[in-house]
Amino acid sequence: MVALVLVIVVPDVESVRRPRDNVVAIGAITLVVVLSFTLGTQHPRLLTCEDFKISGNDQPANCTQGIGVIAPLTG
């Protein structure tokens, strides 16, 4: 998967001469993939059922109902 994304992001990746450039690109892509996966597994802590409903997606079985009405801003 990383190789596919690398070819899409850097079309001429085969012609890159410095190995450091390849390592930096692969590292950045790997970091984004790992962070995306980690955030995706934590959706019960980050998103409520209402968020899924508003976006038009199906609500997962373990979605959080939310905390109720949001308090108005003060000050």
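The values are calculated or read from the model by the stated rules, or taken from the named source; none is laboratory data. These numbers were taken from a predicted model, which means no experiment stands behind them. So basically every Cβ, Gly included, is an ideal-geometry build from the backbone, and we count neighbours across all protein chains shown. Just so you know, the surface numbers come from the protein's heavy atoms only, side chains and all, with ligands and any DNA or RNA stripped out. Shrake-Rupley method; radii C 1.70, N 1.55, O 1.52, S 1.80 Å.
Identify the residue in the stretch 41-66 that is acidic (Asp, Glu) and either in a helix (DSSP H, G or I) or modelled with pLDDT under 80 (or both) and, among all such residues, is least open to solvent (accessible area, probe 1.4 Å).
Top of the filtered list is 51.
There is no residue in the stretch 67-74 that is open to solvent by less than 50 Å² (accessible area, probe 1.4 Å) and modelled with pLDDT under 85.
Among the residues of the stretch 21-40, those identified as among the polar types (S, T, N, Q) and either open to solvent by 90 Å² or more (accessible area, probe 1.4 Å) or modelled with pLDDT of 85 or more (or both) are 30, 36, 38. Is it the case, given these coordinates, that residue 6 is surrounded by 11 or more Cβ atoms within 10 Å (Cβ to Cβ) and at pLDDT below 85? In short, yes.
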